[in-house]
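The values are calculated or read from the model by the stated rules, or taken from the named source; none is laboratory data. Only a predicted model underlies this, so the values are computations on that prediction, with no experimental measurement involved. Positions of Cβ are generated from backbone atoms using ideal geometry, with glycine treated the same way; all protein chains shown enter the neighbour counts. The accessibility values were calculated without ligands, DNA or RNA, using every heavy atom of the protein model including side chains. Shrake-Rupley method; radii C 1.70, N 1.55, O 1.52, S 1.80 Å.
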Amino acid sequence: MRVRAKGFDALAQLVAAGLGITVLPKVVALRLAKLSPIQMLPIRGAITQRTVSIACPPGGPSLPAAKELLEFLQQAHTSK
């Protein structure tokens, strides 16, 4: 499922509610990690214009599709 949210705060609220994961700019991720019950995982090895992180609930995502996406991203990172 894909959800469009207006703003990073809304995305963080969806993640905190256990409704998936999202990719955020690092500066936003650091701010939201202080305000929301979410954990930030750095994405390493990606070619980006800015540093990004994955936001997910503490203990990892609960939805199967979000778990699969997170596992894929982590595996892609370790294979580089």
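Exactly one residue out of 4, 50 is touching a strand residue (DSSP E or B) at 6+ places or on another chain (Cβ under 7 Å), modelled with pLDDT under 80 and open to solvent by 40 Å² or more (accessible area, probe 1.4 Å): that is 50. Would you be able to say whether some residue in segment 27-34 is part of a strand (DSSP E or B), in contact with a helix residue (DSSP H, G or I) (Cβ under 9 Å, 6 or more places away or on another chain) and modelled with pLDDT of 80 or more? Scanning segment 27-34 turns up no residue that is part of a strand (DSSP E or B), in contact with a helix residue (DSSP H, G or I) (Cβ under 9 Å, 6 or more places away or on another chain) and modelled with pLDDT of 80 or more. Within segment 7-20, the set of residues being part of a loop (DSSP other than H, G, I, E, B) and either at pLDDT 85 or above or on the phi > 0 side of the Ramachandran plot (or both) comprises 7, 17, 18, 20.
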